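Colleague: Can you keep this structure in mind? I'll have questions shortly.
FYI, it's all coordinate maths here, none of it is from the lab. Bear in mind the structure is a predicted one, so any value in this text is a computation, not a measurement. All Cβ positions, glycine included, derive from the backbone under ideal geometry; neighbour counts span all protein chains shown.
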Amino acid sequence: MSKEKIKINQEFYDIMPLEYRELVEEGTYGKENRGWKDVGESKELIEEHSLCAGCPESIAFRYVLACLPAPEDTIMVGSTGCTSLVFPHVAVHNIHSLFGNQNAVASGLKRALSFRFPDKIKDVVVLAGDGATVDIGLDMTLQSWFRQEKFTTICFDNELYANTGGQSSGLMQKGFVAKMAPAGKKFDKVPLPEIAKSSGCHYVVKMTVSKPNRVEKAIREAILVAREIGPTYIQLYTPCILEIGKQMMEGLQEMRDSEGPNKRFEFEEYVSDEARAYLDTVNPKKKKRKKAIVTK
Amino acid sequence: MYAVAEVIDDLCVANKGCRLCIMYCPEANTILFDKEKKVAVVVEPRCKGCELCVVVCSAAKHNAIELVHR
Ligand SMILES: Cc1ncc(C[n+]2csc(CCOP(=O)(O)OP(=O)(O)O)c2C)c(N)n1
Ligand code: SF4
Ligand code: SF4
Ligand code: SF4
């Protein structure tokens, strides 16, 4: 698909909402080398949602949407939670699945798309909260990895159930006390990146969203590997400032404080040999440039 | 009355490549780069007044964006 599909019939042009016209004229569909640097200078594929002021999930959404390699040929699968409030404001095809079912829905969708469009690239990207990914949907998450389903799973890890007022989730830190988890979390944060590795994911990254260039690399590579090789998993720390008692301008600092050496969101990446070999074929120029800088 | 961000054009160094507020504003399509004036500009109806833009701009010592009350 290209921008042709969203082009406005000239007869109706003047009655279409301004936001839609902007998307058609300045949206980055079909643009090569999309990335976070497009923000501020072209129309972003997300706008005016109801997440709390300052919510890091909003920042993460901006970067993820700016970095999808082919948004016009991508279908995102969401789940219940704060993230689901955003999808109606996202200008990429998306499906809302029952809480926890997202990886099952994405498996069927990806297979149907491969059958229907055998010669085209169609990316499927799951984006859900930690409650959906790790607790209620853990079965579906893991089974899709075991089965080597070719899509990317992104978890917005805010370490609790934010949308329902702050209950504890498997990804909450041990001992953490939240409004609706007054006794404190009883067991360790579930090591989902480790589990992803041993369950068949070919590309796994755990990080915060404090550095958009890093988020860009992870999202792009995860989607490319999922196209060709197999399942990929990205876990992004998007702290719920409301439930952890931060002010609305403190989200960025909270992420920076949590990603230092030996902190729980220190950058971690795993790339399988197969995925590495594939990425080397699609990133050859970049590699050369990097080498050139090192030898200077 | 609510708070929204406003750029002080004379202090903004977006013409030298600064994009900090644009990059870190949680809201999409809310701080844009004005290609003619070469400064950052806030789309007020979309601003939620979270102050993150003020934090990143002042941390870089530009102090070119502030919260104003409407
Ligand atoms: C099957 C089902 N069970 C429970 C709920 C209630 N519910 C709605 S949102 C939510 C929490 C979502 O938490 P998470 O996935 O961590 O996302 P967050 O809101 O933190 O971004 C729950 C339990 C539901 N909607 N559907
Ligand atoms: S409740 Fe938390 S995660 Fe949900 S929008 Fe508000 S700050 Fe973000
Ligand atoms: S961070 Fe400050 S100096 Fe930089 S573009 Fe924004 S307003 Fe201008
Ligand atoms: S106050 Fe918050 S929402 Fe408004 S422009 Fe600044 S960063 Fe964006």
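Colleague: Once Lys and Arg get +1 and Asp and Glu get -1 on their Cβ, which of A:167, A:271, A:103 lies farthest toward the positive end of the dipole of the protein assembly as shown?
Modeller: A:271
Colleague: Let me ask you something else. Only Cα pairs under 8 Å and at least 6 apart count here; give the relative contact order of the stretch A:35-295 as a rounded whole percent.
Modeller: 19
Colleague: For the protein assembly as shown, what does the helix formula give at 222 nm: sum of -39500 (n - 2.57) over DSSP H segments with n ≥ 4, over the residue count, nearest 500 deg cm²/dmol?
Modeller: One gets -9000 deg cm²/dmol as the mean residue ellipticity at 222 nm.
Colleague: Set the Förster distance to 56 Å, then compute FRET efficiency between residue A:139 and residue A:32 from the Cβ-Cβ distance, nearest 0.05.
Modeller: 0.90
Colleague: Please state the charge dipole magnitude for chain B, taken about the Cα centre, from unit charges on C-beta atoms (+1 on K and R, -1 on D and E), reported in debye and rounded to the nearest 20.
Modeller: In total the dipole reaches around 200 debye.
Colleague: Residue-wise, which Karplus ³J(HN,Hα) couplings in Hz belong to the stretch A:219-226, taking 6.51 cos²θ - 1.76 cosθ + 1.60, θ = phi - 60°, and x for glycine or proline?
Modeller: Working through the residues one at a time gives 5, 4, 5, 4, 6, 5, 5, 5 Hz.
Colleague: Then there is this: Under 5 Å between amide hydrogens, which residues at least 5 positions from residue A:52 or on another chain qualify, with H placed 1.01 Å from N in the peptide plane?
Modeller: For residue A:52, whose amide H was placed from the backbone, there are no distant partners under 5 Å.
Colleague: Strictly over 28 Å apart at the Cα level, which of A:37/B:38; A:3/A:211; A:37/A:179; A:122/A:185 would you flag in this model?
Modeller: A:3/A:211; A:37/A:179; A:122/A:185
Colleague: Still on this model: Please list A:30-39, A:249-258 highest first by mean number of surrounding beta-carbon atoms within 10 Å per residue.
Modeller: Output ranking for A:30-39, A:249-258: A:249-258, A:30-39.
Colleague: How much length would be gained if the chain were fully extended between residue A:282 and residue A:21, taking 0.36 nm per residue of separation minus their Cα-Cα distance, in nm to one decimal?
Modeller: Extra length from residue A:282 to residue A:21 when fully extended: 90.6 nm.
Colleague: May I ask you to sort B:65, A:229 by Cβ crowding, counting other Cβ atoms within 10 Å and putting the fewest first?
Modeller: A:229, B:65
Colleague: What is the distance in Å between the Cα centroid of the stretch A:200-233 and that of the stretch A:1-73?
Modeller: Comparing the Cα centres of the stretch A:200-233 and the stretch A:1-73, I get a distance of 21 Å.
Colleague: From Cα pairs below 8 angstrom and at least 6 apart in sequence, can you work out the relative contact order of chain B, rounded to a whole percent?
Modeller: 48
Colleague: Also, quick follow-up: If I model a spin label as a point 7 Å beyond the Cα along the Cα-Cβ vector, how far apart are those points for residue A:174 and residue A:194 in nm?
Modeller: 1.1
Colleague: What is the mean number of Cβ atoms from other protein chains located within 10 Å of the Cβ atom of each residue in peptide B:28-36, rounded to a whole number?
Modeller: 6
Colleague: Which value, in debye to the nearest 20, describes the size of the charge dipole of the stretch A:35-295 about its Cα centre when Lys and Arg Cβ atoms bear +1, Asp and Glu Cβ atoms bear -1, and nothing else is charged?
Modeller: 760
Colleague: Order A:196-202, B:17-23, A:270-276, A:63-69 from most to least packed using the mean count of other Cβ atoms within 10 Å.
Modeller: Packing proxy ranking, top to bottom: A:63-69, A:196-202, B:17-23, A:270-276.
Colleague: Something else now. What distance in nm separates the two pseudo spin-label positions at residue B:38 and residue A:148, each 7 Å out from Cα along the beta-carbon direction?
Modeller: 5.5
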